[in-house]
Amino acid sequence: MNYKISVQELENTPSKTLNFHFDDKIQGLNCVNPIVSDLTITSLGEFIEVKGNVKGKVILECDLCLKEFEYDLNFDIDEMFAKTSLSENYAQETEIKEGQFVTDLDGSDEIDIYDLLYQSVILNLPNKKVCGINCNGDKFQKDENLPDPRLDVFKNIKIQPKNK
């Protein structure tokens, strides 16, 4: 399926608005079910606004016990794209006001919704992925009676005392 929105098609609509429904898994994410999003894409002169909601369920690995768990996604998108270059002096993303970024389409005649959703999901995942409020972090090792194999590298370290 084509997940790209043509800027020309958007401009040719009488209302300068397109509605887009996304219902698919996103490669690179361990999706339990498809990511679902209903987006409204609106031309605002020199800018294009993409607004909507994203829902889905992905599998993450707990940072404490390393077990997999399901994480529910439910967040809003509010993105702006500049049709023409904002300035030669700025990078591809430019902050317009606090908390609002505008992505420069840099001459492109389409917006990749698939890429927008992938980036939005990644940015909305928690920084610290924890399977639950009661996760004690070492349960995985205690239950299995196995040492953490990631620590094997420290078994052969020899520390030489520093001569004073």
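Just one of the listed residues (L64, L18, L60) is within 19 Å of Y118 (Cα to Cα), among the hydrophobic types (A, V, I, L, M, F, W, C) and either in contact with a Pro (Cβ under 9 Å, 6 or more places away or on another chain) or surrounded by 15 or more Cβ atoms within 10 Å (Cβ to Cβ) (or both), namely L60. Quick one: in segment 126-136, which of the residues that are loosely packed, with under 13 Cβ neighbours inside 10 Å and not β-branched (V, I, T) is modelled with the lowest pLDDT? Ranking the candidates gives N136 first.
Can you spot a residue in segment 1-10 that is surrounded by fewer than 17 Cβ atoms within 10 Å (Cβ to Cβ) and of a type in the set (A, V, I, L, M)? Checked against the condition, which is being surrounded by fewer than 17 Cβ atoms within 10 Å (Cβ to Cβ) and of a type in the set (A, V, I, L, M), segment 1-10 yields at least one hit. Considering (1) modelled with pLDDT of 90 or more; (2) outside any strand (DSSP E or B); (3) more than 30 Å from N134 (Cα to Cα), the lone condition that V121 does not fulfil carries the number (3).
Right, C65: at pLDDT 90 or above, over 30 Å from N12 (Cβ atoms), touching a helix residue (DSSP H, G or I) at 6+ places or on another chain (Cβ under 9 Å) and not hydroxyl-bearing (S, T, Y) or not? Judged against the criteria, C65 is a match.
Could you pull out the residue among I59, I48, I26 that is in a loop (DSSP other than H, G, I, E, B) and in contact (Cβ under 8 Å) with a residue 12 or more places away in the chain? Spell out how you get there, then give the answer.
Details: I59 fails: in a loop (DSSP other than H, G, I, E, B); I48 fails: in a loop (DSSP other than H, G, I, E, B).
After applying the criteria, what remains is I26.
Taking segment 21-57 as the range and being farther than 22 Å from V7 by Cβ, surrounded by 14 or more Cβ atoms within 10 Å (Cβ to Cβ) and among the small types (G, A, S) as the test, only G56 passes.
Kindly establish whether E95 is closer than 30 Å to F20 by Cα, at pLDDT below 75 and outside any helix (DSSP H, G or I). Give the derivation first.
On the way: closer than 30 Å to F20 by Cα: yes; at pLDDT below 75: yes; outside any helix (DSSP H, G or I): yes.
So E95 passes the test.
The values are calculated or read from the model by the stated rules, or taken from the named source; none is laboratory data. Everything quoted here is computed from the prediction, not taken from an experiment. Because the Cβ atoms are built from the backbone with ideal geometry, glycine has one as well, and the counts that use them run over all protein chains shown.
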